[in-house]
Amino acid sequence: MGLLDGKKILVTGVLTDSSIAFHVARLAQQEGATVVLTSFGRTMRITQAIAKRLPSLPPIVELDASSAEDFDALAERVREHVDGLDGVLHSIGFAPESALGGNFLKTEWPDVSTALQISAFSLKALAVAAAPLMPQGGAVVGLTFDATIAWPKYDWMGVAKAAFESTARYLARDLGGQEIRVNLVAAGPLRTTAAKSIPGFEEFEGVWAQRAPLTWDVSDYEPAARACVALMSDWFPRTTGEIVHVDGGVHAVGG
């Protein structure tokens, strides 16, 4: 019996097989879940190609995190493939180049607002859009990078992640009455597509190489993906508003 037997899971953010989202989708299928992916625009073809590497080919629905219309239509689009959801993975983030790389004091509001909308507000939008698909309750799981530290070069994405983490707590409060749990997984640095867009990413690698009590492999996506799958299972029925650190222990000993 798999950890997610009979469950239906929506996974956002599958663009390459070097992403946590891809491995969440893979593990979810291996643990018995029916998986639906999201993508949009020009990236749809990329997601379609990568989806063929999963154990079974999942359907893909259109969802642009900057489009209120797409969020409004999400439930209907998902129902074309499954009759409801038990879990949702939020793996969406973006900040313009000017908002990263040491430009914190120079970044203008339009670029800051883009980072906040796509990387933080989208968690609320996704949870609200998915809630009608979870009438018996379910789990929303998001991916974060520890926002308690002002990391080098992370700049406004770090601010967006702080807002993301706060958003998760408020969602946990407001969706708890519907038996919807909202939790985050704070992974250590991994060589994902998102990481490649961060100038100076190797500085994060250096911190983890020196300080992780359990050691840390920037190419091993499995630990973070397993945490996401576990949080979407029935093994955490009364856990919400939590941030589970999957970072080799660096959060406990200092960054």
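Some points to look at:
- Remark: V218 falls outside the filter, which requires a residue to be at pLDDT 95 or above and closer than 17 Å to V24 by Cα.
Yes/no matrix, rows are residues, columns are (1) surrounded by 20 or more Cβ atoms within 10 Å (Cβ to Cβ); (2) within 26 Å of R238 (Cβ to Cβ):
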position	(1), (2)
L126	yes, yes
M134	yes, yes
G142	yes, yes
A147	yes, yes
P152	no, no
G158	yes, no
S166	no, yes
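- Of all residues making up the range 228-255, the number that are open to solvent by 70 Å² or more (accessible area, probe 1.4 Å) and part of a helix (DSSP H, G or I): 3
- Flag for V61 being touching a Lys or Arg at 6+ places or on another chain (Cβ under 7 Å) and more than 30 Å from A252 (Cβ to Cβ): yes
- Residue ranges of strands (runs of 3 or more DSSP E) in the range 12-101 with at least 3 members within 17 Å of the chain's Cα centre (by Cα) and buried (at least 18 other Cβ atoms within 10 Å of the Cβ): 34-39, 87-90
- For Y170, the conditions (1) open to solvent by 30 Å² or more (accessible area, probe 1.4 Å); (2) aromatic (F, W, Y); (3) in contact with a helix residue (DSSP H, G or I) (Cβ under 7 Å, 6 or more places away or on another chain) all hold with the exception of (3).
- In the range 32-69, the residues that are of a type in the set (D, E, K, R) and under 20 Å from L143 (Cα atoms): D64
- Pair list, Cβ under 6 Å, 6 or more apart: the range 231-255 residue among the aliphatic types (A, V, I, L, M), other residue open to solvent by 70 Å² or more (accessible area, probe 1.4 Å): V250/R211; V253/R211
The values are calculated or read from the model by the stated rules, or taken from the named source; none is laboratory data. Keep in mind that this is a model prediction, so the values were computed, not measured. FYI the Cβ positions are ideal-geometry reconstructions off the backbone, even for glycines, and counts take in every protein chain you see. Side chains are part of the model used for accessible areas, which takes the heavy atoms of the whole protein and leaves out ligands, DNA and RNA. Shrake-Rupley method; radii C 1.70, N 1.55, O 1.52, S 1.80 Å.
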